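In what follows, a structure is listed as structure tokens, so that the remarks can point back to it.
The values are calculated or read from the model by the stated rules, or taken from the named source; none is laboratory data. Only a predicted model underlies this, so the values are computations on that prediction, with no experimental measurement involved. Cβ placement follows ideal geometry from the backbone for every residue including glycine, while neighbour counts extend to all protein chains displayed. What goes into the accessible areas is simple: the full protein's heavy atoms, side chains included, and nothing from ligands, DNA or RNA. Shrake-Rupley method; radii C 1.70, N 1.55, O 1.52, S 1.80 Å.
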Amino acid sequence: MRQREALVDGFGRIASDLRVSVTDRCNFRCRYCMPPEGLPWMPKNELLTYEEIQRITRVLVECGVRSLKITGGEPLVRRDVDVLVRLLRALGDDLDISITTNGYLLAEAARGLKDAGLDRATVSCDSLVRHRFKEMTLRDALDQVLEGLRVAARVGLTPIKINTVVIRGHNEDEAVEFAKLARATGYEVRFIEYMPLDAQEQWSRDGVVPSAEVLARIDATFPLEPDGDDQPEPSSSFRFVDGAPGRIGAIASVTEPFCATCNRLRLTADGQLKACLFSLEETDLRGPLRDGASDDDLAALAAACVASKWAGHRIGKKDFVKPARSMSMIGG
Ligand code: SAM
Ligand code: SF4
């Protein structure tokens, strides 16, 4: 594969982690993401085909991207995601390829995804209490998600991570229960601060539970220490002092932004490149691609997109402007 210049922004950060959204649709309606009635879905002909995703991704891999995350919307509601995994795996054995899913369809998909070359899975789960899970996602689906996790672990989509969005008054009291799950299974449970990316625009600072508070709750029961082998990831990772399996992660996007070391790039399902979740601009790759752009043209567009990346998001500042599209339309 040919080598191209790395994607470097004006602050010296290098984009090496690509999140690829395959759909804006979802079978859940998480209260912090999507309204109960859903959203106007993107027309199918505007979605990149798997071959188009592979081509853009190949160019970005030539530019130094090493980690690929398949996401959405809910990626597993799009048909044959294993076909995409196979196309992406063909771009390099050394690429880290993972999926972020709500887990509902994971039990049946896990084996095929693993066989296609997927390395690991991250599953979102906001509560271990059935009625609360339903209240957070508007789906009575906790059992299916837990089964999805078990099957994913069994087929080797490991290390398994759980993403838990913590919202004041809803689930912050479950931190220790999640820690028990991590200790019993070896999963890494990552607590995510609630961000103003919900389509309903109901976010308020009062709903944000600082990661430091969640970590303190766990530490009081199960003492934690920083995990020495922190990856260049937005989450800080902790292990249990008593040596129990499992990890605890904290993604403090609001109270302790990790923008200074952010290495992420996002490709939306309709082929727009975004250097930051919160950027107001999107770089159209689908139009040029379908109009016959060369690989060099695509690489130049990606380089310009990354070069324009801001120093950091403005959440909580007077001049904060929410991006036009919410989380499920961008790809989390
Ligand atoms: N549907 C899949 C899922 O839920 O895992 C993948 C897409 S989802 C948009 C990706 C991640 O974004 C999930 O872990 C979800 O919990 C998180 N997320 C969605 N809206 C959020 C918000 N307003 N603040 C923080 N995290 C959010
Ligand atoms: Fe769907 Fe994921 Fe958004 Fe929940 S967070 S509504 S599962 S896209």
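What residue, of T57, T23, is hydroxyl-bearing (S, T, Y) and outside any loop (DSSP other than H, G, I, E, B)?
T57
Just to be sure before I move on: is Y32 buried (at least 16 other Cβ atoms within 10 Å of the Cβ), closer than 26 Å to G312 by Cα, within 13 Å of ligand 1 (Cβ to nearest atom) and among the aromatic types (F, W, Y) in the structure I sent?
yes
Just wondering, is there one or more residues in the stretch 115-122 that are more than 20 Å from E51 (Cα to Cα), touching a helix residue (DSSP H, G or I) at 6+ places or on another chain (Cβ under 8 Å) and buried (at least 21 other Cβ atoms within 10 Å of the Cβ)? Explain how you work it out, then say what you get.
Step one: of the stretch 115-122, the residues more than 20 Å from E51 (Cα to Cα) are 119-122.
Adding the requirement that they be touching a helix residue (DSSP H, G or I) at 6+ places or on another chain (Cβ under 8 Å) leaves 121.
Within this subset, residues satisfying the condition of being buried (at least 21 other Cβ atoms within 10 Å of the Cβ) are 121.
Yes.
Consider D126 carefully, then state whether it is at pLDDT 95 or above, open to solvent by 10 Å² or more (accessible area, probe 1.4 Å), in contact with a Lys or Arg (Cβ under 9 Å, 6 or more places away or on another chain) and within 28 Å of V81 (Cα to Cα).
Values: at pLDDT 95 or above: yes; open to solvent by 10 Å² or more (accessible area, probe 1.4 Å): no; in contact with a Lys or Arg (Cβ under 9 Å, 6 or more places away or on another chain): yes; within 28 Å of V81 (Cα to Cα): yes.
Here the answer is no, as D126 does not meet what is asked.
Listed residues E147, E172; which is surrounded by fewer than 22 Cβ atoms within 10 Å (Cβ to Cβ), in contact (Cβ under 8 Å) with a residue 24 or more places away in the chain, under 12 Å from S127 (Cα atoms) and among the charged types (D, E, K, R)?
After applying the criteria, what remains is E172.
Looking only at the stretch 1-15, which residues are of a type in the set (G, A, S) and either open to solvent by 30 Å² or more (accessible area, probe 1.4 Å) or over 20 Å from L301 (Cα atoms) (or both)?
Listed by number, the residues that qualify are A6, G10, G12.
Tell me whether the stretch 280-302 contains one or more residues that are within 17 Å of the chain's Cα centre (by Cα), at pLDDT below 95, under 18 Å from E201 (Cα atoms) and not in a helix (DSSP H, G or I).
no
Kindly state which strands (runs of 3 or more DSSP E) lie completely within the stretch 182-277 and contain at least 3 residues that are touching a residue at least 40 places away in the same chain (Cβ under 8 Å) and in contact with a strand residue (DSSP E or B) (Cβ under 6 Å, 6 or more places away or on another chain). Spell out how you get there, then give the answer.
Details: elements: 188-193, 224-226, 236-240, 247-251, 264-267, 272-274.
In the stretch 182-277, 188-193, 247-251, 264-267 are the strands (runs of 3 or more DSSP E) which contain 3 or more residues that are touching a residue at least 40 places away in the same chain (Cβ under 8 Å) and in contact with a strand residue (DSSP E or B) (Cβ under 6 Å, 6 or more places away or on another chain).
From the list N45, N27, pick out the single residue that is on the phi < 0 side of the Ramachandran plot, within 16 Å of ligand 1 (Cβ to nearest atom) and surrounded by fewer than 16 Cβ atoms within 10 Å (Cβ to Cβ). Don't jump to the end; show me each part of the working.
On the way: N45 fails: within 16 Å of ligand 1 (Cβ to nearest atom).
Sole residue among the options that is on the phi < 0 side of the Ramachandran plot, within 16 Å of ligand 1 (Cβ to nearest atom) and surrounded by fewer than 16 Cβ atoms within 10 Å (Cβ to Cβ): N27.
Between K309, K318, which is in a loop (DSSP other than H, G, I, E, B), out of contact with any strand residue (DSSP E or B) (no Cβ under 8 Å at 6 or more places or on another chain) and open to solvent by 50 Å² or more (accessible area, probe 1.4 Å)? If you could, list the steps in order and put the result at the bottom.
On the way: K309 fails: open to solvent by 50 Å² or more (accessible area, probe 1.4 Å).
Result: K318 is the single residue among K309, K318 that is in a loop (DSSP other than H, G, I, E, B), out of contact with any strand residue (DSSP E or B) (no Cβ under 8 Å at 6 or more places or on another chain) and open to solvent by 50 Å² or more (accessible area, probe 1.4 Å).
If you check R111, R66, R78, which single one turns out to be more than 13 Å from the chain's Cα centre (by Cα) and within 13 Å of ligand 1 (Cβ to nearest atom)?
One residue alone meets the criteria, R78.
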